[in-house]
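To start, the structure under review is shown below, and the notes come after it.
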Amino acid sequence: MSDDALTELTRRAQNLDAEHAGTDRRDAFELPDGVIYLDGNSLGALSVAAREATRDAVERQWGKQLIRAWNESAWWTAPERVGDRIAALLGAPGGSVVVGDSTTVSLYKAVHAAARLRPNRRVVLTDPDSFPTDVHVTRGVCEQLGLTLELVSPGEAVTRLQGSNDVALAAYSHVDYRTGELWDLAAITAAAHDAGALACWDLCHSAGVVEVGLADGGADFAVGCGYKYLSGGPGAPAFLYVAPEHLSEFTNPILGWNGHATPFAMSPDHVPAEGITRARVGTPPVLGIAALEGALTAYDGLSVSDVRRRSLSLTGFFVECLDGLGIDLPVVTPRDDRRGSQVSLRHPDAYAVVQALIARGVIGDFREPDIVRLGFAPLYLSHEDVLAAAVHVRDVITGREFEREEFRSRATVT
Ligand SMILES: *Cc1c(COP(=O)(O)O)cnc(C)c1O
């Protein structure tokens with residue numbers, strides 16, 4: 001590679017950073033020096049606000065208010081309050097989103113409730129290449145309700161749905177966790193509705209970085225993570241969306257006291273609460289919700305369309321850097337706008353490549369079987385970071401650093 005190419009890319013990076021200065025929230029986050037963090041799609045970085053919110057929840061609320069904090073710090077209503085903040089990022093109305101359980105449990109509630117809204121339909125569609133928990137949960141619900149799970153890729157879903165009358169639910173991820181491909185939520189949802197079916201969307205890799213448009217797209221149910229791009233912290237509570245038109249018919253498969261109309265009446269009869277509250281189960285993870293609520297303030301004053309523009313610019317520029325620096329690894333992520341906020345590359349030694357990058361301070365992750373997955377959390381990455389990461393990728397590949405023995409042994413979490 002000529003120095004000219006690097007000089008030109010450096011100038012491009014500086015110009016793009018100037019152009020996108022209005023969406024730079026780097027100062028709101030606490031990234032360690034010497035790290036280019038390309039794993040915000042797996043565990044979002046710690047923000048100043050999340051740290052402060054956690055400290056306040058522990059020291060003042062728990063420490064001083066004690067049990068009074070359920071009222072005085074509004075712990076009891078936090079699942080709906082934080083749900084409303086997330087709804088705004090998803091193009092969903094207030095009162096349609098609640099947080100509290102994991103994505104896995106939230107998905108179970110959504111898929112189970114959705115299937116029961118279509119009692120005469122026997123088939124549930126999901127993507128065989130989906131994140132495994134999504135396939136497991138969907139299969140489990142089918143076994144429990146006596147339904148048939150049909151594994152159909154999102155690219156084939158519209159064709160499968162056309163003219164059919166047996167499908168109860170199409171359950172898909174908005175962005176493929178491995179390849180980063182962005183699927184057409186509105187088109188698949190419309191095909192499901194035309195066939196009399198419902199649609200449930202997993203937004204783990206789109207919430208906070210893609211204009212999801214849940215209401216406009218007509219989605220019936222949706223779930224997603226709090227700890228990925230939303231940066232709510234390790235194990236942060238996930239969110240569950242139920243379209244307003246389904247709320248009165250929504251039957252929570254886990255009837256708990258938090259979803260009861262009058263929880264403190266301590267009644268043995270279960271009367272579901274009105275609205276999204278009926279999707280709650282048990283006592284919410286207050287500390288986790290506090291961290292997530294703090295983290296979401298990073299979006300104050302930003303629209304998701306601005307964040308999306310920055311995200312597309314960062315990922316697009318990364319691919320431009322790969323090309324400009326002569327790195328010819330196959331890019332499995334779509335080069336057009338049908339992508340989330342990641343770029344995945346294929347390499348036969350992908351695991352070792354990721355380890356070699358981490359040793360250089362470029363933190364991404366490996367996904368089976370041969371994917372180097374690099375996530376570009378738009379709020380805290382710059383185009384200069386992107387270029388620096390691409391130079392490290394080039395050096396790891398051309399210097400064959402991934403062949404070193406130390407990068408080959410697998411840790412528990414990859
Ligand atoms: C990250 C992710 C999950 C994680 O589910 P947990 O219950 O938080 O472990 C589920 N589905 C998809 C698509 C994901 O990307």
(Q) For the stretch 223-251, give me the residue count where each residue is away from the ligand (no atom under 16 Å from the Cβ) and either open to solvent by 10 Å² or more (accessible area, probe 1.4 Å) or in a loop (DSSP other than H, G, I, E, B) (or both). (A) 9
(Q) Within the stretch 271-312, take every residue that is open to solvent by less than 70 Å² (accessible area, probe 1.4 Å) and assigned to a loop (DSSP other than H, G, I, E, B) and give me the one that is farthest from V209 (Cα to Cα). (A) A273
**Q.** Candidates L125, L107 - the one that is open to solvent by less than 10 Å² (accessible area, probe 1.4 Å) and more than 20 Å from the chain's Cα centre (by Cα)
**A.** L125
(Q) With the structure loaded, tell me whether R408 is charged (D, E, K, R) and under 21 Å from T333 (Cβ atoms) or whether it fails that test. (A) no
Q: Considering only the stretch 46-92, state which residues are in contact with a helix residue (DSSP H, G or I) (Cβ under 6 Å, 6 or more places away or on another chain) and not in a helix (DSSP H, G or I).
A: S47, S73, W75, W76, G91, A92
(Q) Test of understanding: among A186, A219, A190, A215, which residue is open to solvent by less than 10 Å² (accessible area, probe 1.4 Å), over 28 Å from A45 (Cα atoms) and away from the ligand (no atom under 11 Å from the Cβ)? (A) A219
Q: May I ask you to list the residues in the stretch 317-360 that are assigned to a helix (DSSP H, G or I), free of Cβ contacts under 8 Å to residues at least 60 places away in the same chain and either over 15 Å from L38 (Cβ atoms) or not assigned by TED's automatic domain parsing to the domain that holds A13 (or both)?
A: D323, A352
Q: Would you be able to say whether some residue in the stretch 69-76 is away from the ligand (no atom under 16 Å from the Cβ) and under 30 Å from A192 (Cα atoms)?
A: no
Q: Test each condition in (1) within 15 Å of L107 (Cα to Cα); (2) open to solvent by less than 50 Å² (accessible area, probe 1.4 Å); (3) part of a loop (DSSP other than H, G, I, E, B) for I254 and report the one that comes out false.
A: (2)
(Q) Out of everything in the stretch 262-285 that is over 15 Å from G95 (Cα atoms) and in contact (Cβ under 8 Å) with a residue 12 or more places away in the chain, what residue ends up being farthest from the chain's Cα centre (by Cα)? (A) H270
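The values are calculated or read from the model by the stated rules, or taken from the named source; none is laboratory data. Every value quoted in this text rests on a predicted model; they were computed, and no experiment measured them. Don't worry about glycine lacking a Cβ; one is built from the backbone with ideal geometry, like all the others, and counts go over all protein chains shown. Note: accessible area is taken over every heavy atom of the protein model, side chains too, but ligands, DNA and RNA are not part of it. Shrake-Rupley method; radii C 1.70, N 1.55, O 1.52, S 1.80 Å.
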